[in-house]
Amino acid sequence: MKLKMLVVALLSLSFAAAASAAQPIVIKFSHVVAVDTPKGQAAAYFKKIAEERTKGRVKIDIYPNSQLFKDKEELEALQLGSVHMLAPATSKFGPMGAKQFELFELPYVFDSYDEVHKVAEGAVGKQLLRSLDSKGITGLAFWDNGFRCMSANKKIVTPNDMRGLKMRISSSKGIDAYMRQLGSVPQVMSFGEVYQAMQTGVVDGAENSPSNFYTQKMHEVQKYYTNTNHSYSGYAVIVNKKFWDGLPKEIRGTLEQALRDATAYNNKIAAKDNDESLAKVKKTGKTQVIDLTPEQKKSWKKAMLPAHKKMEDKIGKDLINAVYRETGFNPTTL
Ligand code: LMR
């Protein structure tokens, strides 16, 4: 009887050891937007395929909607290793010294997602991702969202209508430059705080993609949304370098492939998602969506162009010229 108990005890001990040896690697992936945005959906898709393909050896825990960290905190947390994976907007890399990412914020330089991809997937994009190594971060991919448009409680049609408006921006000096160029007063604020700031009148307006505008319910607190489409809004998917390098090689390879597939998925749904969000905003009847004529659009381009020059010291003239070459953008023809 005693022998039987001993065998049972030994067996349960070895089961416990096996269970702890099989503990999955947990990857905490934090982001600030809603689950039904392109980024939210792509993160969920990445989780699904990464967990399936690693056969339970990896578990991805997603924390959406600024639930775990806000804009600035999440980047600090990544560097400290208390979160492993993020996909912040490229407009948020400046404060940690990666100012070149703001080339994506150059107003009106990208006319289409294809032009963005030429830059993001080419030599410039690779150079940007590599530049993060020295900050303890590995850059893995770029994900699309959409194009930013202006919203406010005052009707905005011409660039002059921006004068004096308090506009929420993310922590980008480039965005600060173009907002000031338009005569507005930019105010840096975390994404998760924007709705309340609009509701209480701390800001008059902001700029965002239709998807972010709709999923944060900004239509409840903004009377006008103007289709300026003045700058691209996208993300860099990044991981803590030490954590990533420490993963077993075959796991890392599987995750890299899963991320390539999640990137393709994200970039396939982004445009449609933003179009649908704009239609949903219109349907609420709460925010008036304003379309611009080609002439009006031209006046926005002209008004915002001087910001390119102001962004030179952050991004670098060579890099801006490389973007112009890839996209075919010619400032002299405006
Ligand atoms: C913002 O802060 O305005 C957005 O870039 C948030 C996001 O991640 O799309």
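When the P(r) is computed for the chain, the part past 33 Å accounts for 29% of the Cα-Cα pairs.
A crude spin-label estimate for the pair residue 284 and residue 321, with each label 7 Å from Cα along the Cβ direction, gives 4.5 nm. In the chain, the DSSP beta bridges split such that about 55 percent are antiparallel, to the nearest 5. In this structure, the amide hydrogen of residue 187, modeled 1.01 Å from its nitrogen in the peptide plane, lies closer than 5 angstrom to those of 167, 168, 169, counting only residues at least 5 positions away or on a different chain. For the chain, a Gaussian network of Cα nodes joined below 10 Å ranks 315, 60, 25 by mean-square fluctuation, and the top entry is 25.
Can you tell me the order of 279-291, 30-42 when each peptide is scored by its average per-residue count of other Cβ atoms within 10 angstrom, highest first?
Peptide ranking by packing, descending: 30-42, 279-291.
Put simply, when 208-219, 133-144 are sorted by average Cβ atoms within 10 angstrom per residue, most first, you get 208-219, 133-144.
Is it possible to state the helix-based mean residue ellipticity at 222 nm for the chain, with each DSSP H run of 4+ residues giving -39500 (n - 2.57), the sum divided by total residues, to the nearest 500 deg cm²/dmol? What is it?
On the way: 13 runs with 157 residues, N = 334.
Helices in the chain give a 222 nm mean residue ellipticity of -14500 deg cm²/dmol.
For residue 242 and residue 72, a Förster radius of 35 Å and the Cβ-Cβ distance give a FRET efficiency of 0.95, rounded to the nearest 0.05.
Extension gain for residue 134-residue 264 works out to 44.1 nm (0.36 nm per residue, less the C-alpha to C-alpha distance). Here the peptides 198-205, 149-156 are ranked by packing, the mean other Cβ count within 10 Å, and the order with the highest first is 149-156, 198-205.
So which of 92/135; 217/310; 92/155 end up more than 22 Å apart by C-alpha? Before the final figure, lay out each step's value.
Details: 92/135 14 Å; 217/310 33 Å; 92/155 28 Å.
Table pairs above 22 Å Cα-Cα are 217/310; 92/155.
Rolling a 1.4 Å probe over the protein heavy atoms of the chain, with every protein chain left in place, gives an accessible area that is 54 percent carbon and sulfur. For the stretch 199-204, the Karplus equation 6.51 cos²θ - 1.76 cosθ + 1.60, evaluated at θ = phi - 60°, returns couplings of 5, 8, x, 4, 10, 7 Hz by residue, with Gly and Pro reported as x.
List the relative contact order of the stretch 24-328 as a percent without decimals, with contacts defined as Cα pairs under 8 Å and 6+ residues apart. All intermediate terms of the calculation are to be shown ahead of the outcome.
Details: 582 pairs, mean separation 82.7, N = 305.
Relative contact order of the stretch 24-328: 27 percent.
In the elastic network of the chain, a GNM with C-alpha springs shorter than 10 Å, the most mobile of 160, 227, 266 is 160. Distance between the 7 Å Cα→Cβ label points at residue 193 and residue 312: 3.4 nm. In this structure the amide hydrogen of residue 233, modeled in the peptide plane, comes within under 5 Å of the amide hydrogens of 145, 146, 147, 148, none closer than 5 places in sequence on its chain. Placing pseudo-labels 7 Å out from each Cα toward the beta carbon at residue 63 and residue 249 gives an inter-label distance of 3.3 nm. Accessible surface calculations at 1.4 Å, restricted to protein heavy atoms, place the stretch 257-309 at 57 Å² per residue.
Membrane-span-like helices in the chain (whole DSSP H runs, Cα extent of at least 18 Å along the helix axis, mean Kyte-Doolittle hydropathy of at least -0.5): 2-21.
The values are calculated or read from the model by the stated rules, or taken from the named source; none is laboratory data. Keep in mind it's a predicted model, so treat the numbers as computed, not measured. Reconstructed Cβ throughout: ideal geometry from the backbone, glycine too, with neighbour counts over all protein chains shown. These area figures cover heavy atoms from the full protein model, side chains too; ligands, DNA and RNA do not enter into them. Shrake-Rupley method; radii C 1.70, N 1.55, O 1.52, S 1.80 Å.
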